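First up is the structure itself, then whatever we jot down about it.
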Amino acid sequence: VPLYEFRCGSCGLEFEELTAPETVPPCPRCGSAEPRRLLSSFAPTPRFGLRGGDARRSEAERRARRERERERRGKG
Ligand SMILES: [Zn+2]
């Protein structure tokens, strides 16, 4: 069973679910039946702001910055 990413149209929660291609699971947070499947294999194109792309990118940046700081601190 493939792993799909969904985004709730009601509360905005993004979650992953192992589900059949034609099945849309209810939102685990608010129970809404509105989640829409995201194309997880889709390569993000930074220039065209995809919805949700910003949040994911800032999360990656935050993680990278944290690692950089940790490195800097280690070197002293
Ligand atoms: Zn929701």
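Here are a few things to note about the model shown:
- Per-region count, the stretch 1-24, residues acidic (Asp, Glu) and within 10 Å of ARG36 (Cα to Cα): 2
- Members of the stretch 1-27 found to be in contact with a strand residue (DSSP E or B) (Cβ under 6 Å, 6 or more places away or on another chain), near the ligand (Cβ under 10 Å from one of its atoms) and without any contact (Cβ under 8 Å) to a residue 24 or more places away in the chain, listed by number: PHE15
- Qualifying residue in the stretch 43-54 (condition: surrounded by 11 or more Cβ atoms within 10 Å (Cβ to Cβ) and either part of a helix (DSSP H, G or I) or at pLDDT 90 or above (or both)): yes
The values are calculated or read from the model by the stated rules, or taken from the named source; none is laboratory data. Quantities reported herein were computed from a predicted structural model and do not represent experimental measurements. So basically every Cβ, Gly included, is an ideal-geometry build from the backbone, and we count neighbours across all protein chains shown.
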